[in-house]
1. Would you mind finding the one in 187, 172, 162 that is small (Gly, Ala, Ser), more than 16 Å from residue 304 (Cβ to Cβ) and away from ligand 2 (no atom under 16 Å from the Cβ)?
2. Is there a residue being at pLDDT below 80 and on the phi < 0 side of the Ramachandran plot anywhere in segment 414-432?
3. In segment 329-368, what residues are within 16 Å of ligand 2 (Cβ to nearest atom), at negative phi and open to solvent by less than 50 Å² (accessible area, probe 1.4 Å)?
4. Restricting attention to segment 141-159, which residues are farther than 11 Å from residue 306 by Cβ and within 16 Å of ligand 2 (Cβ to nearest atom)?
5. Given the structure, is residue 226 away from ligand 2 (no atom under 11 Å from the Cβ), touching a His at 6+ places or on another chain (Cβ under 7 Å) and farther than 23 Å from residue 149 by Cα?
6. Could you list, in sequence order, the residues of segment 146-161 that are small (Gly, Ala, Ser) and either open to solvent by less than 10 Å² (accessible area, probe 1.4 Å) or without any contact (Cβ under 8 Å) to a residue 12 or more places away in the chain (or both)?
7. If we keep just the residues of segment 42-70 that are touching a residue at least 40 places away in the same chain (Cβ under 8 Å) and among the polar types (S, T, N, Q), which is least open to solvent (accessible area, probe 1.4 Å)?
8. Residue check: is residue 250 out of contact with any strand residue (DSSP E or B) (no Cβ under 8 Å at 6 or more places or on another chain) and closer than 17 Å to residue 205 by Cα?
Amino acid sequence: MAVILVIEDKESMAQMLSQALQAEGHQVIVARDGREGLQKFKESKLDIIVSDLKLPHKSGLEILEAIKEHNPLIPVILMTAYGTIETAVKAVKEGAYDFITKPFDPDHLIHLINKALEKQRLVTENLILREEFAKHLKLPKIIGKSPKMLEVVEKVQKVAASHTTVLLLGESGTGKELFARAVHYLSPRKEEAFVAINCAAIPRDLLESELFGHERGAFTGAVARKMGKFELADKGTIFLDEIGDLDLALQAKLLRVLEGEEFMRVGGTVKIKVDDRVVAATNKDLQAAIAQKLFREDLYYRLAIFPVTIPPLRERADDIPALVEHFVNYYCKELKKELKNFSPASMELLVRHPWTGNVRELQNCIERAVILTDGPVISPEHLGLRVKELAEAGLADLPMEGSLQDVSSMATQFAESRMIRKVMKETGGNKTKAAEILKVSYKTMLTKIKDYGIENP
Ligand SMILES: Nc1ncnc2c1ncn2[C@@H]1O[C@H](COP(=O)(O)OP(=O)(O)OP(=O)(O)O)[C@@H](O)[C@H]1O
Ligand SMILES: [Mg+2]
């Protein structure tokens, strides 16, 4: 169903069109002259406009111009009598979708409308596709069955159905963007656009126009009108990533928009109202930013209606094996390599690693390992984890992060790898002797040597 504005001064014609379009399941709004037409255009959310060319107060051409000024994407179909065909042709050149000559069969108009709607849908989709979106049209799989992860998933599932603003918090690489998409694809808006914008990646001067759009000539380089992300995400979801990096002036404008106020494109005079579901994310401590007067408290409360914190990977090590399996399958397929397994030692290393870069770091590690491994088994040296570097470093360099268990496991690995290196050197690389000295089995010795990437001295 589409919402159609019909601007037609002749009562009988307006009625006939209304009935025909309503019979097709569309919602019809009728205006009886140009001025009323523009008024209704501004106050309603429309999908298409059908306007007579000759109208009291404002002509169809003037209406077309005003509409295109406001929303260049909305299709306008003009109805024309014989005498005005030339004007209609001119109108198409100026951006009207098409024209239809009176008298006409309503079915012909309906056909035109359907075509226009289909084209408009493609244009909108394409616009969004071109924006950073192409890669992940669908929701990627969310892996994780640890209690902490299940809690997050359940929260997201519950909030998705509503219109509520969601604030995703968590360290870098924990999956904030993934969950932002989940909110959208689990919501009734899933057929509409999901538009992401990274507030930290765009220079401040450009960010306002990226968010809210700009008019032609608004600044040097603004050669054409551009819709902002808020307009592109209309009826869908806008994902404001790295919201903690937004500067104070834009925070103020954003707050007004979130409170339902209209906004103007940069350099614009027309007020725009959109219906966006907002999901925001940050890895910053917003409370601290508020204390430092870098983040507006009122905006924080507006965003944090429903906060969801994604726990760091080291707090849900149970999820690691499943994530590893998921990524190894993915990369073996993508890199066209035979499917690989992990040696028990490398899996253990993966599970115990503190993963300060969270799932993203794990993902990169697996990708690298798949590239580096020629055979069917991935062993510790393919993982390139920090244990090896640490062996060369001092105890003071051990990262003080993660749980107590993480820290002590790192310290153990550190001490073991130092000790094995020392003994291997003393024995001239004799593994049997080294095992004897260290009081471990020969097999354990071999595993550890591999794990810690110790070459023969
Ligand atoms: N639970 C999960 N299951 C599967 N893949 C995941 C999971 N969590 C994260 N990923 C993957 O890890 C990578 C990083 O996730 P994402 O980009 O969502 O993190 P982020 O929190 O937005 O990070 P940053 O703060 O650095 O932007 C992505 O490729 C994502 O698909
Ligand atoms: Mg992110």
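1. Values: 172 fails: away from ligand 2 (no atom under 16 Å from the Cβ); 162 fails: more than 16 Å from residue 304 (Cβ to Cβ).
Just a single option satisfies the conditions, and that option is 187.
2. yes
3. 357, 359, 362
4. Pass one, segment 141-159, residues farther than 11 Å from residue 306 by Cβ: 141-154, 157.
Scanning segment 141-159 gives 142, 152.
5. Details: away from ligand 2 (no atom under 11 Å from the Cβ): yes; touching a His at 6+ places or on another chain (Cβ under 7 Å): yes; farther than 23 Å from residue 149 by Cα: yes.
When the stated conditions are applied, residue 226 passes them.
6. Residues of segment 146-161 that are small (Gly, Ala, Ser), as a first pass: 146, 160-161.
Once the filter is applied, which keeps residues that are small (Gly, Ala, Ser) and either open to solvent by less than 10 Å² (accessible area, probe 1.4 Å) or without any contact (Cβ under 8 Å) to a residue 12 or more places away in the chain (or both), segment 146-161 yields 146, 160.
7. Per the criteria, the residue is 51.
8. Numbers: out of contact with any strand residue (DSSP E or B) (no Cβ under 8 Å at 6 or more places or on another chain): yes; closer than 17 Å to residue 205 by Cα: yes.
Yes, satisfied.
The values are calculated or read from the model by the stated rules, or taken from the named source; none is laboratory data. Worth saying up front: this structure is predicted, and the values here are computed from it rather than measured. Please note: Cβ atoms are built from the backbone with ideal geometry, for glycine as well, and neighbour counts cover all protein chains shown. SASA here: full protein model, heavy atoms, side chains in, ligands and nucleic acids out. Shrake-Rupley method; radii C 1.70, N 1.55, O 1.52, S 1.80 Å.
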